[in-house]
Amino acid sequence: MRGLLIKYSYIIYGAFLVIAAFLQGREIETNQSMLLAAGALVFLFGLPHGAADTLIFRKVRGLDGYLGWIAFGLVYILMTGAVYCLWLWSQPLFLIYLLFISVFHFGEDLYGFSHPWIKLSYGLAIVFSPALFWQSEVSKLYGFIVGEPMATSFAQLSNIFSWISLANLAISVFACRGILNYNLYMLMAWPIITLLILEPLLGFALYFGLWHSRLHLKRLIELKIMDREPMTILMVASPLLITLAGAYYGFQRLGGINDSSFSKIIFVGLGSLTFPHLFMVYALGSAHKQQSDLD
């Protein structure tokens, strides 16, 4: 069953993209249906890939003692809290941080490809391509984080960067065409198409939940870090439930599910969690490279 899902992953994702585009055409984004769909994609499919950081820590550090896990939890919380405090202190700086770190985070979709410029170019295109056709919607999302008129300025800059980043990716792909294969072309094309044709919030949710998260979990399975053992399930479920409880509390504090509360929890929450998560991703990549060199 899992083999069939992997084999036909592009077709399955394409089907979801067509459905999302159809529903978008019927203007479901004007009501809570779009928010609920986006929330399901992010919270049910997207968050588990971050919750699996516990498995990466166990693999990289080889620690199973209580003190090691307590230290890991405290450091993770402190790093997350530091980014959240950045948002409280300076929302424009937080947005700059969010865009900057997302470039490197999403560039790891191409984890099996060693060319750093292609990964950087891809990450830039993922972050800024929504502003190419959806500048006003991007400005609205930025507004929930930094307010007006700063959101308009950020959206205008994002629109400029969208042209630059997509052109840069096209040139980079052409320059490296001799070392790229069909799978890498598809890995880069599907998410960018998603972010270009779908409204930014729905497009991000589909990309994050069914593409980025899937690739990360697939990597963990390939490296035999994730399996079906009860302890593995517990190690992923525990932080996942804690995060979901925190999101639920956040929605209650912000007046329920609406555009503002959803955007703040998604982008401020995920932005805060991405800081320690990216450290774990790079630690995994370093450990995998060392293991490959030994083999």
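Computed from the coordinates by the stated procedures, all read-outs in this text should not be read as laboratory data. Being a predicted model, the structure only gives us computed values, none of them experimental. Because the Cβ atoms are built from the backbone with ideal geometry, glycine has one as well, and the counts that use them run over all protein chains shown.
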Fill in the blank from the handout: When 222, 108 are ranked with the fewest other C-beta atoms within 10 Å first, the list becomes 222, 108
Problem - Radius 12 Å from Cβ of residue 110, net charge of other residues (Lys, Arg +1; Asp, Glu -1) - result: 0
Practice task
Would you be so kind as to identify all helices of the chain, as entire DSSP H runs, whose Cα atoms reach 30 Å or more along the helix's own axis and whose mean Kyte-Doolittle hydropathy is at least 0.0?
Solution key: 66-89, 150-175, 230-253, 270-294
Fill in the blank from the handout: Connecting every pair of Cα atoms under 10 Å apart in the chain and solving the GNM, the largest mean-square fluctuation among 224, 140, 264 falls on 224
Handout entry: Expected 222 nm ellipticity per residue - DSSP helices of 4 or more, -39500 (n - 2.57), all of the chain, to 500
Key = -25000 deg cm²/dmol
Completion exercise
Ordered by fewest other Cβ atoms within 10 Å, a rough proxy for footprinting exposure, 277, 212, 115 read 115, 212, 277
Fill in the blank from the handout: Using the Cα gyration tensor of the stretch 128-200, the equivalent ellipsoid's semi-axes, largest first and to the nearest Å, work out to 29, 13, 8
Problem - the chain, relative contact order [Cα under 8 Å, separation at least 6], % - result: 33 percent
Practice task
Kindly count the pairs of lysines across the stretch 36-294 whose alpha carbons are less than 25 Å apart, treating pairs on different chains or eight or more residues apart as eligible.
Solution key: 10
Practice task
Would you mind ranking 122, 84, 66 by Cβ crowding within 10 Å, fewest neighbours first?
Solution key: 66, 84, 122
Handout entry: Whole-number Å³ per residue for the convex hull built on Cα positions in the stretch 55-166
Key = 115 Å³
Completion exercise
Rounded to the nearest whole number, the per residue volume of the convex hull around the C-alpha atoms of the chain in Å³ is 140 Å³
Problem - Cβ-derived FRET efficiency at R0 22 Å, residue 40 paired with residue 249, nearest 0.05 - result: 0.70
Practice task
Using R₀ = 30 Å, calculate the FRET efficiency as 1/(1 + (r/R₀)^6) where r is the Cβ-Cβ separation of residue 69 and residue 10; round to 0.05.
Solution key: 0.20
